[in-house]
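Engineer: Provided herewith is a single structure, encoded as structure tokens, for subsequent inquiry.
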Amino acid sequence: MSSKIPKFPHNGVSLHLELKNKINSYFKENQISPNGNLLLYFKSFLFISLLICLYIHLVFYTPVWYWAILEVIAFGLTIAFIGFNVMHDGSHGSYSKYKIVNSLAACSMSILGADRFIWNVKHNMIHHTYTNINGYDDDIDLGNLLRMSPEQKKLKFHKYQHIYFWFLY
């Protein structure tokens, strides 16, 4: 991370406030809740149940190796789903209109093996303040495997990253 903090021009209009107002208007005009709905809660229940079942089967029933590999892949994808849909929305306060439910959804990160405090600093404070700014937003610092910014070094194989990044992800 660079030691010099980037400065953003200020012309008297708050981009953050303008975006927030447009987003709120969108939800209001389309009569959509900015929070989760029954489908999200059902998917959450389904995937948390699947995670528990996969864990129990892998640990206590020790499937044959080829079946275990499939279950481990499903386990990893389930963790990613819970992280992207439950934990992320809860951390941003959009999983539910109730603060306690959002807090519980955000705590699902601890069950998945991550630290809520560290994620809050890295994602909410750094990533959302310096979104996609090379040298500040470490979400785009993926080594030489993927090039996420025009300022990052371009290597010959990056022209194929749209194909291979799915496997890395």
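Engineer: Please go through (1) over 22 Å from N124 (Cβ atoms); (2) surrounded by 15 or more Cβ atoms within 10 Å (Cβ to Cβ); (3) touching a Leu at 6+ places or on another chain (Cβ under 9 Å) for V86 and return the number of the only condition it doesn't satisfy.
Structural biologist: Going through the list (1) over 22 Å from N124 (Cβ atoms); (2) surrounded by 15 or more Cβ atoms within 10 Å (Cβ to Cβ); (3) touching a Leu at 6+ places or on another chain (Cβ under 9 Å), V86 breaks only (1).
Engineer: Mind counting the residues in segment 146-158 that are open to solvent by less than 100 Å² (accessible area, probe 1.4 Å), within 19 Å of H127 (Cβ to Cβ) and of a type outside the set (K, R)?
Structural biologist: Of the residues in that region, 4 qualify.
Engineer: So which residues in segment 7-25 are open to solvent by 90 Å² or more (accessible area, probe 1.4 Å) and either part of a loop (DSSP other than H, G, I, E, B) or touching a Phe, Trp or Tyr at 6+ places or on another chain (Cβ under 7 Å) (or both), if there are any at all?
Structural biologist: K7, F8, P9, H10, N11, listed by residue number.
Engineer: If I filter segment 146-169 down to residues being part of a helix (DSSP H, G or I) and of a type in the set (A, V, I, L, M), which single residue comes out as modelled with the highest pLDDT? Show your work before the answer.
Structural biologist: Initial filter on segment 146-169 (part of a helix (DSSP H, G or I)): 156-168.
Narrowing further to those that are of a type in the set (A, V, I, L, M): 163, 168.
Numbers: I163: 93, L168: 80.
In this case the residue turns out to be I163.
Engineer: Do any residues in segment 64-86 that are in contact (Cβ under 8 Å) with a residue 12 or more places away in the chain have Cβ atoms under 7 Å from those of residues that are of a type in the set (D, E, K, R) and surrounded by 13 or more Cβ atoms within 10 Å (Cβ to Cβ), where the two are at least six apart or on different chains, and which pairs are they?
Structural biologist: N85/K43
Engineer: Look at K4 and say whether it is basic (K, R), over 30 Å from I126 (Cβ atoms), over 24 Å from the mean Cα position of the chain (by Cα) and open to solvent by 60 Å² or more (accessible area, probe 1.4 Å).
Structural biologist: No, not satisfied.
Engineer: Restricting attention to segment 111-145, report how many residues are assigned to a loop (DSSP other than H, G, I, E, B) and surrounded by 11 or more Cβ atoms within 10 Å (Cβ to Cβ). Don't jump to the end; show me each part of the working.
Structural biologist: Taking segment 111-145 as the starting set, the residues that turn out to be assigned to a loop (DSSP other than H, G, I, E, B) are 113-115, 128-137, 141-145.
Okay, now just the ones that are also surrounded by 11 or more Cβ atoms within 10 Å (Cβ to Cβ), so 114-115, 128-137, 141-142, 145.
The total comes to 15.
Engineer: Which ones in segment 54-71 are surrounded by fewer than 13 Cβ atoms within 10 Å (Cβ to Cβ) and in a helix (DSSP H, G or I)?
Structural biologist: I56, V59, F60, W65, Y66, I69, L70
Engineer: Of the residues I140, I56, which single one is farther than 24 Å from I32 by Cα, of a type outside the set (S, T, N, Q) and at pLDDT 90 or above?
Structural biologist: Residue meeting the stated conditions: I56.
The values are calculated or read from the model by the stated rules, or taken from the named source; none is laboratory data. Every value quoted in this text rests on a predicted model; they were computed, and no experiment measured them. Every residue, glycine as well, gets a Cβ built from its backbone with ideal geometry; the counts of neighbours run over all protein chains shown. Just so you know, the surface numbers come from the protein's heavy atoms only, side chains and all, with ligands and any DNA or RNA stripped out. Shrake-Rupley method; radii C 1.70, N 1.55, O 1.52, S 1.80 Å.
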